[in-house]
Every structure is written in C-alpha cells, then in structure tokens.
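Below: one structure, written as structure tokens.
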Amino acid sequence: MRLRTWFLAGALVASISAVAQSATIVNYDLTGITTASPPATYAATTVGAGVSGEQLARGAGILPSGLANGFSSNDWTLTSSESIAIANNDYYQFGFDLDGTHTASVASFDANLRRSAVNAPDHFLLYMSLNGFASPPTVGSAIDSFTYFGRSSGTAPATVTPGQWMTTDTAGQDGNPITTQDLSGVAALQNIPAGSTVTFRLYVWGANAGSASSNTVAFGRNQGPLISGTLVSTVPEPSSILLCLSMVGMALGLRKR
C-alpha cells in the first residue's frame, strides 16, 4: 500500500513537470512602420512563454522599400528561379530562440503579403534551420511552398472570394492573409529541444520578364510573420507544486485512516 501511495505521488509530480500550452510562438505586428523610414530590421512584437524573437530581416539580395504598416523590399532578381533566388539571397528571415526550460512544436505559419504589380515575384518557398543556416547545410531545409498572386495595382474585381489571391491574379489587393500553412507534419519542428534557435527564411522568386526592379513584395499590411504551435514548460509552476503536495498529503492521510 505504501509503495502504491508513493508511486501515485511520483506520478503526480511527473504530470506537472511538463505543462503544454497552445500559443503564439512568435509574431510580428507591423503597425506603425512608416513609408518615409523603412526599417532595416524589425523586432518581434509578441512571443510565447520561454521564447525570444529573432529580428525580421532581409537577405543581402534585396533592398528596403517604404510601405506604411508593412515590411517591404524591392530589387528582387528578375526572371529568377528557386535556385537563383537562393543563390542571390532573395529572402526574408525571422525566427525564435527557446530558453533552457521550454520546448516547442510548430503547428502553422501565417502572414499578410502584398505585391505591388502583376510582374512582381509570386512564388514563395519557406526554409528552416536549427543551426542559423550555417554550413552544412547552407540553405537549411525546404518545408513549405505556395503562390500569392494578389497585387495592389489595378482595379479589384467586383467579387473577390476569400483566398482567391493565392491561386489567381487578383488586382486591387493591398495586403491579404495567406492561407494558413500547416507545418505540423515537419518532423524537425516538433519537440524542438530547450535552448534551440529556429530560423526561417522565406525565399521569393518568379518575377516575370517585364518586371522592374522597383516592384515590391512585402509582409503586411499590419500582419507580418506569425508562427503558432505548442510550448511546453519543463519547470512546474509553484501553484502546481503546492497542489501536488496537497494531493500527496491527502493520499497519505487516507492511508493512515
């Protein structure tokens, strides 16, 4: 009986040593950026428990462009392909760091995107790395791809269905949400160990032959990259410890009776 009681107590302690919480892991709210002063980098605005955000930044192949409430860039490689975009460093970068007491599993990626013109790049490739894109590998691992054809130029059609801009050229769109990208099946992003750094790069390519270097692709307006998932604390809260000890005490009291 005593062995079973202490086994129960141990199980209760173990059950509170890992507390999972579905949460925003890292988010970039771009509200407040001005056209006159496009930032070189931008800090995360919301992070989950045990998380610090990496800076939203640009690859060396693109240049800042002014956009209110957006993180915008021009000078994308013209008539590029996936391999050329990677070689030319045409990407946006963001990510997060875990402290020593939290693990994470990534579930999804969301963002608003904005293209300035029909000939602006429209193909997007999401990569991830757990070593800061150091060698090897030099470009991390490709985990997701999608298209976005919304553009601010032109007149919007009479009817625009939700998500239409993901598959069809849709004019008059000044920043729209992408379809939520499911990352729950990416093994490397599940049960990420405490103390890890996770870096994402969103490569952009597909500018048409008639494109100009002034055409822009941006995060926004307002909503930048958003990574959601589950955070697990490996350190129990004091209230949880007190509850566990109370339950152990009750178990021992019942045994005496």
Neighbourhood net charge (11 Å Cβ-Cβ; Lys/Arg +1, Asp/Glu -1) for S108: -3
T147/T234 FRET efficiency (R0 25 Å; Cβ-Cβ; nearest 0.05): 0.05
Gain on full stretching of the segment that runs from T31 to T101 - 0.36 nm per residue minus C-alpha separation: 22.1 nm
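A short reminder: the numbers here are calculations on the coordinates, not readings from a lab. What you see is a predicted model, and the numbers here were worked out from it, not measured in a lab. Ideal geometry is used to build each Cβ from the backbone, glycine not excepted, and the neighbour counts take in all protein chains shown.
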